[in-house]
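First comes the structure, then the notes that go with it.
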Amino acid sequence: MSSEKPVDNEALLGRHHENLPVPNKSKDHGISLLTVMGFLFLTFNSGMAVYRSNGDYGAIAFVAFSYLDLVSLFYCMRLYERTTPESPCREHLKMAVWLLTTMLTAAFSYKVAAIMPFPVQVLVWAMAGTTVLGGFYAFFLHREETKA
């Protein structure tokens, strides 16, 4: 046992918890200009892809699905970030984010694998499966250990 006094970190810092700045949630005006520009870019590119599809209903369906999936994914991620950690809704949002990501991964893997030779198709689907399972593990099974 040491005879030294415990160090008062607050005294060393010269401030108390009450004096620390607290983020002002009232200053959050919602959507930033960069977010709006990103969605405009996504919308424009999706519209151009539909226009250039020449009436191919499969391509139009793929673009529409991808667009709606991405918009839903960004919306659910925003809700997840704003939800308090103790909220029961947070787990539902985490599941929605994982499902939307999984569907997007499957859709893009399908499109990529369709133009590849068979050995590369197997590799594409193996990578997609690994990504989906890795995401599931990271979201639902992995628990960070707290260090004392």
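Read-outs throughout are calculated quantities, based only on the coordinates presented, and are distinct from any laboratory measurement. Here the structure is a predicted model, which means the values were calculated and not measured.
Distance distribution note for region 100-148: the fraction of Cα pairs above 19 angstrom is 38%.
Based on the Stokes-Einstein relation at 10 °C and a viscosity of 1.306 mPa s, and on the Kirkwood radius from alpha carbon pairs, region 41-102 is assigned a translational diffusion coefficient of 122 µm²/s. Residue-wise HN-Hα couplings along region 89-94, as the Karplus relation 6.51 cos²θ - 1.76 cosθ + 1.60 with θ = phi - 60° gives them from phi, are 5, 4, 5, 5, 5, 4 Hz; Gly and Pro carry x. For region 28-141, report the translational diffusion coefficient in µm²/s to the nearest whole number, using Stokes-Einstein at 37 °C, 0.692 mPa s, and a Kirkwood Rh over Cα pairs. The estimated diffusion coefficient comes to 204 µm²/s.
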